[in-house]
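The values are calculated or read from the model by the stated rules, or taken from the named source; none is laboratory data. The model shown is predicted, which means the values in this text are computed figures rather than measured ones. Glycine also receives a Cβ, built like all others from the backbone with ideal geometry; neighbour counts cover every protein chain displayed.
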Amino acid sequence: MGRAPKKGRSGAHGKKGYSVLEAGDAAEGQEDSDLPRDEAGRRKIKRQYETLLGIRIEKLKGRILNRERINKTIEGVYFICIECKKVCHNMDDGLVEDPNNAQNMCGACAKTKGKDGKGKPVAA
């Protein structure tokens, strides 16, 4: 004998769970539509980090948040710039990495501070 289908709630059409990180993604997705898919994804993750960390960004400034393997040779790094206090990605913003992992800067801030890619002052 076969089973009779359940009436009321069906598994495929159930409610989707609420997520803090997905709350405003519908409106934000429209502004990223002209970007390549991977860059739009990185922007979305940066916004999610900013939302998730909130006021802790001041405490975590200069630190690396996450490392990801893009392919076998390229590594992506999400970090908070010590100067501008923004969540940055090394593929988009550049990274001047500090050996102690406490003074990491994005490329734009490193130029204004006058540091090269190794964190040392540039000779004029």
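Matching residues to (1) of a type outside the set (D, E); (2) in contact with a Lys or Arg (Cβ under 7 Å, 6 or more places away or on another chain):
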residue	(1), (2)
K61	yes, yes
L65	yes, no
I70	yes, no
E75	no, yes
G94	yes, no
E97	no, no
N100	yes, no
*Any strands (runs of 3 or more DSSP E) falling wholly within the stretch 1-117 and containing at least 2 residues that are at pLDDT below 80*: none
